[in-house]
Structures are given as C-alpha cells and as structure tokens.
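Accompanying notes for the structure given below.
The values are calculated or read from the model by the stated rules, or taken from the named source; none is laboratory data. Keep in mind the model is a prediction, meaning the values are calculated, not measured. Here the Cβ positions follow ideal geometry from the backbone for every residue, glycine too, while neighbour counts run over all protein chains shown. Protein only, heavy atoms only, side chains kept; ligands, DNA and RNA dropped before computing areas. Shrake-Rupley method; radii C 1.70, N 1.55, O 1.52, S 1.80 Å.
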Amino acid sequence: MSSDNLSWLLQDFHRQVPDARGLILFSADGLPTASSGMSDDDADALAALGSSINSTVAGASARTGSGRVRQTLVESDDAYLLLTRAAERTGLLVVVSISADLELTASAVEQLVARVGAHLATPARR
C-alpha cells in the first residue's frame with residue numbers, strides 16, 4: 001500500500017536509513033495511509049498496532065504529567081520499532097533492523113516529520 005503522492009517521501013527515507021525494513025503512515029484510528037517495504041496485510045496490522053501504542057503511551061504520559069510523547073521505541077530480538085506523531089491525527093511507525101544506527105534513524109524520522117509533517121495530516125472523519 002502506498003499513496004503515489006507519498007511514495008517519493010518513503011523511498012527517500014529508505015535511502016537515508018539503509019537498515020529500514022519498512023515504514024508506515026497511519027491515521028489515529030489505525031488505518032494505513034501510506035507504507036513502504038511491507039505487504040498490505042502487514043501495513044494493516046502495524047497501523048492498528050501503531051495507533052494503539054501511540055494512544056496507550058499518550059494516556060500514560062497524561063496520567064504521569066510527563067508532557068507530550070515525542071517518540072516510542074520498541075526493541076525486539078531482531079528489530080526496533082520507532083513510533084512518532086507525524087502530523088495531526090497521523091502517526092509514523094518505522095521498522096529497522098537491530099543493527100541499525102538508532103541515532104541516524106531518529107534523526108531521519110525527525111527530519112521527515114519536520115519537512116513534510118503538515119502535508120501528512122489525516123483529515124477528521126465526518
């Protein structure tokens with residue numbers, strides 16, 4: 001699944017972060033809006049997962065008074081999942097190999113969001 005108008009953006013990210021296995025933009029309600037490097041089924045599942053994680057950590061942050069969550073990092077045996085808010089009602093989930101340079105990955109994610117975040121906003125449902 002990939003939106004034509006976002007494919008250049010996702011491909012550019014893959015060039016910047018060679019260890020990226022895939023990335024997905026998703027709406028706050030868990031629907032994929034664009035993805036790269038993964039099947040449609042994986043994009044659907046990871047969009048729902050990313051939305052759920054973002055909601056959970058935002059709730060935990062509100063409960064603890066720790067401010068807005070900027071990024072969430074999930075470490076597994078073979079990969080890292082990095083989640084962030086990309087724009088209004090839009091999240092970004094990046095999957096990188098465990099050997100990835102996390103500083104490079106986080107920097108590339110920040111650059112991506114800063115460059116085009118406003119264009120990635122998911123319109124409110126009516």
- Query: For Thr84, which of the numbered conditions (1) at pLDDT below 95; (2) outside any strand (DSSP E or B) fails to hold?
  - Reply: (2)
- Go through Ser36, Ser27, Ser7 for me and flag whichever is within 26 Å of Glu103 (Cα to Cα), polar (S, T, N, Q) and out of contact with any helix residue (DSSP H, G or I) (no Cβ under 8 Å at 6 or more places or on another chain). Ser7
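For the subset of the range 35-74 comprising residues that are part of a strand (DSSP E or B) and either under 12 Å from Gly22 (Cα atoms) or free of Cβ contacts under 8 Å to residues at least 12 places away in the same chain (or both), which member is most open to solvent (accessible area, probe 1.4 Å)? I'd like the intermediate steps shown before the answer.
Just the residues of the range 35-74 that are part of a strand (DSSP E or B), to begin with: 35-36, 71-74.
Pick out the ones that are also either under 12 Å from Gly22 (Cα atoms) or free of Cβ contacts under 8 Å to residues at least 12 places away in the same chain (or both) and you get 35-36.
Working: Ser35: 5, Ser36: 23 Å².
Of everything passing the filter in the range 35-74, Ser36 is most open to solvent (accessible area, probe 1.4 Å).
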- Item | All positions within the range 12-29 that are at pLDDT 90 or above, open to solvent by less than 10 Å² (accessible area, probe 1.4 Å) and of a type outside the set (S, T, N, Q) | Val17, Gly22, Leu23, Ile24, Leu25, Phe26
